[in-house]
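S.K.: What follows is a single structure, and I will ask about it in a moment.
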Amino acid sequence: MKRIYTLVEGHTEREFVSRILAPFFGEKGILISPIPMLKSGGGMGFSNLAQFKNNVKRLLHEVDQPIITTMVDLYRFPVHSDDASEETALKQYSIEPNITIRISGFKMVMDQAVQKIKPYPFFIPYIQKYEFEALLFSDPNAFSIEDDAIRQDVEAVLHATSGPEEINTSEKGHPAQRLIDIYASHDKKYQKGADAVDIAEVTGIETILAKCPNFRLWIETLTNKSNE
């Protein structure tokens, strides 16, 4: 059974992997660990493909060939690279109106970049549609730990879409901004790291899996690959 390394772009995703995914996979006998994507100048983040390649490169030479995956957002997915052909492809996919094709295209570019470094059969890129915070809309009742009025507003946003992962990616409409605005309207401040993972814990991963098909497919893929 293989280990899973998850390259994450921020503190929220790192906490989510540690507090939500690790216990879930641990019950299946699978070890999953977050690996922060580090910037050359310090700190965490995912601002260009070259940065991703620098971070993944060291993982590709582990003797036991762990599964390597990613947890990054579609919203503001970087379109720059140190490779001209990669950058051209990223920019072309960034304007693709079909979101499924856009995500598949970005994932393909990431996979090709990895295979150029070293042929690696255990790389499974994942891009969250549209943003990590979409998962938090899986059960508005979880927001009752903050404020019932906040819960009602979250529920209204969810009911206006066909599901959490359909909450869109516009500058004012992406999931995190929606939460920031909802909290602010009730004189509260949405704390991206602490609030997000607390709400995810209250929601429970089974509910998130039931409500978020793209996320569920990723988890199922990792599980199946780990058991090969």
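S.K.: Between LYS225 and GLN65, what is 0.36 nm times their sequence separation minus the Cα-Cα distance? Round to one decimal in nm.
M.R.: Additional length available on full extension: 56.4 nm.
S.K.: Karplus couplings for region 64-73 from phi (6.51 cos²θ - 1.76 cosθ + 1.60, θ = phi - 60°), rounded to Hz, Gly and Pro as x?
M.R.: Working through the residues one at a time gives 8, 6, x, 5, 10, 10, 10, 9, 10, 8 Hz.
S.K.: Taking amide hydrogens as modeled 1.01 Å from N in the peptide plane, which residues meet the under 5 Å criterion relative to PHE123, leaving out close sequence neighbours?
M.R.: ILE68
S.K.: Pop out the ³J(HN,Hα) list for region 177-194 in order, Karplus 6.51 cos²θ - 1.76 cosθ + 1.60 with θ = phi - 60°, rounded to Hz; leave Gly and Pro as x.
M.R.: Each residue's phi maps through the Karplus curve to give 5, 4, 5, 4, 5, 4, 4, 4, 5, 10, 6, 10, 10, 6, 9, 3, x, 5 Hz.
S.K.: Quick check on packing: order 193-206, 28-41, 122-135 by the mean number of other C-beta atoms within 10 Å, highest mean leading.
M.R.: 122-135, 193-206, 28-41
S.K.: Additional query: Apply the Karplus curve 6.51 cos²θ - 1.76 cosθ + 1.60, θ = phi - 60°, to the phi angles in region 82-97 and return the couplings in whole Hz, x for Gly and Pro.
M.R.: Taking θ as phi minus 60°, the curve returns 7, 10, 4, 5, 5, 5, 4, 5, 4, 5, 5, 5, 5, 9, 5, x Hz for region 82-97.
S.K.: Nearest 5 is fine: what % of DSSP beta bridges in the chain come out antiparallel, could you say?
M.R.: 5
S.K.: Under a point-charge model restricted to the Cβ atoms of Lys and Arg (+1) and Asp and Glu (-1), what is the dipole moment magnitude of the chain relative to its Cα centre, in debye to the nearest 20?
M.R.: 860
S.K.: Also: Need the C-alpha centroid separation for region 151-228 versus region 27-75, integer Å.
M.R.: So the separation of the two Cα centres works out to 22 Å.
S.K.: Assuming 0.36 nm per residue, please report the length gained on full extension of the stretch LYS189 to ASP148 beyond their Cα-Cα distance.
M.R.: 13.3 nm
S.K.: Arrange the peptides 103-109, 137-143, 155-161 so that the one whose residues have, on average, the most other Cβ atoms within 10 Å appears first.
M.R.: Order by mean packing, descending: 137-143, 103-109, 155-161.
S.K.: Calculate how steeply helix 148-159 sits against the longest principal axis of the alpha-carbon atoms of the chain, using the helix alpha-carbon long axis, and give the answer as 0 to 90 degrees to the nearest 10.
M.R.: Computed tilt is about 60 degrees.
Every number in this text was worked out from the coordinates using simple rules, so none of it is lab data. Nothing here was measured: the structure is a model prediction, and the numbers come from that model. Cβ coordinates were reconstructed from backbone atoms using ideal geometry, including for glycine residues, and neighbour counts include every protein chain displayed.
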